[in-house]
Amino acid sequence: MIIVDNEHVELNTPYGQMRTHIVRPAAPGKYPGIVFFTEIFQVTGPIRRTAAMLAGHGYIVAIPEIYHEFETAGTVLAYDQAGSDRGNVLKTTKELASYDADARAVLDYLKSRPDCTGQLGAMGICIGGHLAFRAAMNPDVRGTACFYATDIHKQGLGKGMQDDSLERTKDIQGELLMIWGRQDPHIPLEGRRKVLARLDEVNAKYSWHEVNGAHAFMRDEGLRYDPELAYQLYGVVFDFFHRRLGFGDVAAQAAGAGETRH
């Protein structure tokens, strides 16, 4: 499917204007919407390529700049020590309520688009996995995919590092797809088990995948990238979202596409 990936909108939030990048199918019609939360580096090349794959499977993908209060619109942090340091500082400088307001603003925007079916999902990677987990607490989010979501187990998100994500797990009404790397030092075994126990405690609807991968094994840059795992898990993600959000209604078809030929 042909996609369009050069759009962005400026969304108003209680904490300032937030640039949100849009990647969508080029074909006319209506499609489900997915809010896609980034790593601490914001909208990098690997993030854009992942968004393009999602859009190519029939979704309108909206990628908010998670540090919009602190960085100039369009800022991308480098995959180096300086970029990592800056992203990690901002992760615990930003108010928890601001993260939640960002999610609500993007979800409302997607619902307002005339080319969106109104069926909404969320996805995120690293800190974005945690943000997607929190976005799932909105009742209109039907399906959420979280890749190696950091800090849920230790309540480390936001200013003060005392987030309530585990407590609010009971608010998640949609289905979760939780994916983890067993060799990820940021979410050790005991951390993953703490999240799993809480999901079971609240009788959440979820599927759980642990693979032999390091942190950032999905990112198609760097030594930790595992293309085989990425290929397998993208298939799981596409199947999940098709099941939970449905398919787009493509209005325009190629001439003769519906004909049976003998």
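Conditions: (1) touching a Leu at 6+ places or on another chain (Cβ under 8 Å); (2) surrounded by 20 or more Cβ atoms within 10 Å (Cβ to Cβ); (3) not β-branched (Val, Ile, Thr). PRO25 meets all but one. Number of the miss? So the condition that PRO25 fails would be (1).
When the stretch 28-42 is filtered for residues that are surrounded by fewer than 23 Cβ atoms within 10 Å (Cβ to Cβ) and in a loop (DSSP other than H, G, I, E, B), the ones remaining, listed by number, are PRO28, ILE40.
Taking GLY156 and the conditions (1) in contact with a His (Cβ under 9 Å, 6 or more places away or on another chain); (2) small (Gly, Ala, Ser); (3) free of Cβ contacts under 8 Å to residues at least 12 places away in the same chain, which numbered condition does it fall short on, given that it satisfies the others? Condition not satisfied by GLY156: (3). For the stretch 102-155, the candidate set comprises residues that are small (Gly, Ala, Ser) and in a helix (DSSP H, G or I); within that set, the residue that is farthest from GLU10 (Cα to Cα) is GLY129. Of all residues in the stretch 43-82, those that are surrounded by fewer than 16 Cβ atoms within 10 Å (Cβ to Cβ), part of a loop (DSSP other than H, G, I, E, B) and touching a residue at least 40 places away in the same chain (Cβ under 8 Å) total 2. Taking the listed residues ARG219, ARG224, ARG244, the one that is of a type outside the set (A, V, I, L, M, F, W, C), more than 15 Å from GLY124 (Cα to Cα) and surrounded by 17 or more Cβ atoms within 10 Å (Cβ to Cβ) is ARG244, with no other qualifying.
Of the residues examined, LEU166 is one that is surrounded by 17 or more Cβ atoms within 10 Å (Cβ to Cβ), under 19 Å from the mean Cα position of the chain (by Cα), more than 16 Å from GLY124 (Cβ to Cβ) and of a type outside the set (Phe, Trp, Tyr).
Give me the pairs: first residue in the stretch 232-250 and more than 13 Å from SER207 (Cβ to Cβ), second residue in a loop (DSSP other than H, G, I, E, B), beta-carbon distance under 6 Å, and six or more apart or on different chains, which are they? So the pair list comes out as PHE238/HIS57; PHE247/GLY58; GLY248/GLY58; VAL250/ALA27. Evaluating ASP85 against the criteria (1) free of Cβ contacts under 8 Å to residues at least 24 places away in the same chain; (2) surrounded by 15 or more Cβ atoms within 10 Å (Cβ to Cβ); (3) not polar (S, T, N, Q); (4) not in a strand (DSSP E or B) leaves one unmet condition, (2). For the stretch 166-199, filtering for residues that are over 26 Å from LEU229 (Cα atoms) and either of a type in the set (Val, Ile, Thr) or part of a helix (DSSP H, G or I) (or both) leaves 7.
Throughout, read-outs are computed from the coordinates displayed, never taken from laboratory work. No experiment lies behind these values; they were computed from the predicted model shown. Glycine also receives a Cβ, built like all others from the backbone with ideal geometry; neighbour counts cover every protein chain displayed.
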